[in-house]
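Novice: First the structure, which I've put down as structure tokens, then a few questions once you've had a look.
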Amino acid sequence: MSGSVVLLHLAGAVALLLFATRMVRTGVERAYGDVLRHRLRSVLRNPVLAILAGAALAICLQSATAVALLVGSFSGAGIVGGTSGLLAVLGADVGSALVVKLLSFDLSLLVPLCLAAGTAMFMATERRDWRQFGRILIGVGLLILSLRMIGEASEPLRHSQILPVVVNYLSGDPVTAFLLAAIMTWLFHSSVAAILLVVALTARGLVPVELGLVLVLGANLGGGVIAVMLSRAAIPKARIVPLGNLIMRGTGALAALLVLIFAAPPLGWLGASASDQLIHGHIVFNLMLALLGIPLASLVHRLAERIVALGAPEAKPESLAATELSALDEAALDTPSQALANATREVVRVCETVEIMLQRIIELYVEADQDKIDALSALDDRVDRKHAAIKLYLAKVTSRTLSEADALRCQELIGACVKLEQVGDIIVRNMLVHVQKKFDRGLEFTEQGWRELRAFHTSVVANAKLAFNVLVSRDSETARQLVREKDRLRDLEKRSSQSHFDRLREGTAKSVETSSIHLDTIRDLKQINSLLASMAYPVLEEQGLLSGSRLKAS
């Protein structure tokens, strides 16, 4: 087999590994993301629990980088302390190393099981949670399959005449090998994928253990760089935790590299096989960093904070981010198609604002902060202003001669805008009142009740995204899915209410205290969902997919 064909097979296997890792992470984020985020925020105050929580989240998401970005955003928003956030990310590095260990076992039997079960779940139901769990199983199956493909693709390299020359050169120049591994990891955007590739090559005798450890240390450095690069556009406070993690991992990797070069410690204690030595060395390295982080995290966080402050631009008197632009160009009114496109752009901006309001309101149920309440009310004021401007603009459009299609689109946009304004009012005038009532009385939901509310809210947010997509794409299948989700949410509300009343009958104190808030919040969320789902009706009606009434004929 020619060298180019071998490299092509190896590139395909690595691409499948990256895709499978992303597929698992996406499935976990969509199915359990809100629950994991809530749990993470509640345990980060304890240093040891922060490390354990970070490790668990990295195992679930198959990515320490995802945890670093998530925790960095929490820290930037003031939800968690920077020191605790840094410890959580160091714990995530340990979890990422444990993922490599788990994938090193012989899991070949899981490939057909995961692929078959995952495909059956994904295709046999419309329930979002089951479909996402099916996505996770398919991702795990592809992940294990990709590892086998990497092994098979690298087998012909045993007979390569060029590879020994490259390996011998890198073995004699560990600094270059270290930097190459860091660059490769950054290109992969996955330290797990880079280290699994090194382990696979080492297991087949293509890379010596000493060089493999150097490459693993370089991959750790590259893994820290990924989160820093991905967060470079975030606010300064959100960049501190990823940078602190890079300082810890980079310094630790360089120190370990110097030990390997000058001390040449015995490696037999790490394991009997070459692959075990690499994997266990990777775990030990990250575990030591996490333990060192307990006393050093505060110092490293302050250092990262100073570095970010040096690189942050000075505050401008007037923030460009606060400037509101309008797409409602009066000059386009004589061209209805262009005017309607302008109005669509402006309605989409209202959609984005409403989506932010939907996401933020549930956070206030956890921690009612007056600044956040005021910010949410300001967003509603923005929705009201844009709603009024869009209605006036579309009224001017309708004074022109319009085709039937343009007239229908105009009515659709007006209807969508009215519904979005109503959603904003429900959030601010109803749900904010529940928030204030909850905190004025010092009430707490039961764990099961809060889990039900979070699940219901997550479904409404997901349906909001579908509704906004339908408004732009006018895709009939998405519209049908949105209406089906409305029916599913109706059933979910019945189950949640029944479960709540069961807890009331059992005399659960918290359920009695929070009963009205729980039921009113579910009612408000259901009303919001109904408003959003109705945005699909014009598309379905236009294509003859909407029945006139839900009543059965007598």
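The values are calculated or read from the model by the stated rules, or taken from the named source; none is laboratory data. None of these values were measured; they are calculated from a predicted model. FYI the Cβ positions are ideal-geometry reconstructions off the backbone, even for glycines, and counts take in every protein chain you see. Just so you know, the surface numbers come from the protein's heavy atoms only, side chains and all, with ligands and any DNA or RNA stripped out. Shrake-Rupley method; radii C 1.70, N 1.55, O 1.52, S 1.80 Å.
Novice: May I have the pair-distance distribution P(r) for the range 205-258, computed from all Cα-Cα distances with 10 Å bins from 0 and rounded to whole percent?
Specialist: 26, 40, 23, 9, 2
Novice: Hey, another quick one. For the chain, report the accessible area per residue in Å² (1.4 Å probe, heavy atoms, rounded to an integer). Don't jump to the answer; show the numbers that get you there.
Specialist: On the way: 26690 Å² over 554 residues.
Spelled out: the 1.4 Å probe surface of the chain, per residue, equals 48 Å².
Novice: In whole percent, how big is the carbon plus sulfur part of the accessible area of the chain, probe 1.4 Å, protein atoms only? All intermediate terms of the calculation are to be shown ahead of the outcome.
Specialist: Working: 16290 of 26690 Å².
Looking at the chain in its full context, I get 61 percent from C and S.
Novice: Note the direction-averaged projected area, equal to a quarter of the hull surface, for the Cα convex hull of the range 218-295, in nm².
Specialist: Working: hull surface 23.8 nm².
For the Cα atoms of the range 218-295, the hull's average projected area reads 6.0 nm².
Novice: While we're here: Report, largest value first, the span of the C-alpha coordinates of the range 158-257 along each principal axis, in whole Å.
Specialist: In descending order, the Cα extents are 51, 24, 18 Å.
Novice: Hey, any idea what the orientation-averaged projected area of the convex hull of the range 285-442's Cα atoms comes to, in nm²?
Specialist: The orientation-averaged projected area of the Cα hull of the range 285-442 comes to 15.5 nm².
Novice: For ALA124 and THR353, calculate 0.36 nm times their separation in residues minus their Cα-Cα distance, and state this gained length in nm to one decimal.
Specialist: Values: separation 229, 0.36 × 229 = 82.44 nm, distance 3.48 nm.
Extra length from ALA124 to THR353 when fully extended: 79.0 nm.
Novice: Calculate, in nm to one decimal, what ASP425 and ARG232 gain on full extension: separation in residues at 0.36 nm each, minus their alpha carbon distance.
Specialist: Working: separation 193, 0.36 × 193 = 69.48 nm, distance 3.51 nm.
Working it through step by step, the gained length comes to 66.0 nm.
Novice: Under the Karplus relation 6.51 cos²θ - 1.76 cosθ + 1.60, θ = phi - 60°, what is the ordered set of whole-Hz ³J(HN,Hα) values for the range 88-97, x standing for Gly and Pro?
Specialist: Result, rounded to whole Hz: 4, 5, 5, x, 4, 4, 5, x, 4, 5.
Novice: So how much slack lies between TRP269 and GLU210, counting 0.36 nm per residue of separation and subtracting their Cα-Cα distance, in nm? Walk me through the numbers before you get to the answer.
Specialist: Values: separation 59, 0.36 × 59 = 21.24 nm, distance 1.38 nm.
The TRP269-GLU210 span can extend by a further 19.9 nm.
Novice: About its Cα centre, how strong a charge dipole does the chain have in debye, to the nearest 20, once Lys and Arg get +1 and Asp and Glu get -1 at the Cβ? Walk me through the numbers before you get to the answer.
Specialist: Details: 56 positive and 51 negative charges, 152 e Å.
Value, rounded to 20: 720 debye.
Novice: Could you tell me which of ALA405, PHE285, TRP269 has its Cα farthest along the dipole of the range 268-420 towards the positive end, charges placed at Cβ (Lys, Arg +1; Asp, Glu -1), taken about the Cα centre?
Specialist: Highest projection toward the positive end goes to TRP269.
Novice: Each label point is 7 Å from the Cα along the Cα-to-Cβ direction; what then is the distance between the points at ASP334 and GLU367, in nm?
Specialist: Label at ASP334, label at GLU367, 5.6 nm between them.
Novice: Please state, as a whole number in µm²/s, the translational diffusion coefficient that the Stokes-Einstein equation yields for the range 438-494 at 25 °C and 0.890 mPa s, with Rh defined as the Kirkwood radius across alpha carbon pairs.
Specialist: Values: Rh = 13.0 Å.
Using the Kirkwood radius from Cα pairs, D works out to 189 µm²/s.
Novice: For LEU291 and LEU254, what does the FRET efficiency come to when R0 = 22 Å and r is the distance between their Cβ atoms, rounded to the nearest 0.05?
Specialist: Details: r = 18 Å, r/R0 = 0.83.
Efficiency at R0 = 22 Å is approximately 0.75.
Novice: Could you tell me the largest-minus-smallest coordinate of the C-alpha atoms of the range 400-479 on each of the three principal axes, in descending order and whole angstroms?
Specialist: Cα spread of the range 400-479 along its principal axes, largest to smallest: 58, 27, 10 Å.
Novice: Return one quarter of the surface area of the convex hull spanned by the alpha-carbon atoms of the range 327-420, equal to its mean projected area, in nm².
Specialist: Values: hull surface 23.9 nm².
It is 6.0 nm².
Novice: Something else about it: Using only the C-alpha atoms of the chain, find the volume of their convex hull and express it per residue in Å³. Walk me through the numbers on the way to the answer.
Specialist: Numbers: hull volume 119.2 nm³, N = 554.
In the chain, the Cα convex hull volume per residue is 215 Å³.
Novice: Could you work out the helix-only [θ] at 222 nm for the chain, with each DSSP H run of four or more residues adding -39,500 (n - 2.57) and the total divided by the number of residues, to the nearest 500 deg cm²/dmol?
Specialist: Working: 21 runs with 437 residues, N = 554.
So the helix-based figure for the chain works out to -27500 deg cm²/dmol.
Novice: How much solvent-accessible surface does CYS60 expose, in Å² to the nearest 10, with a 1.4 Å probe and all protein chains in place?
Specialist: Approximately 50 Å² for this residue.
Novice: Post the alpha-carbon centroid distance, the range 189-267 to the range 337-408, in whole angstrom.
Specialist: If we compute the Cα centre of each part, the gap is 45 Å.
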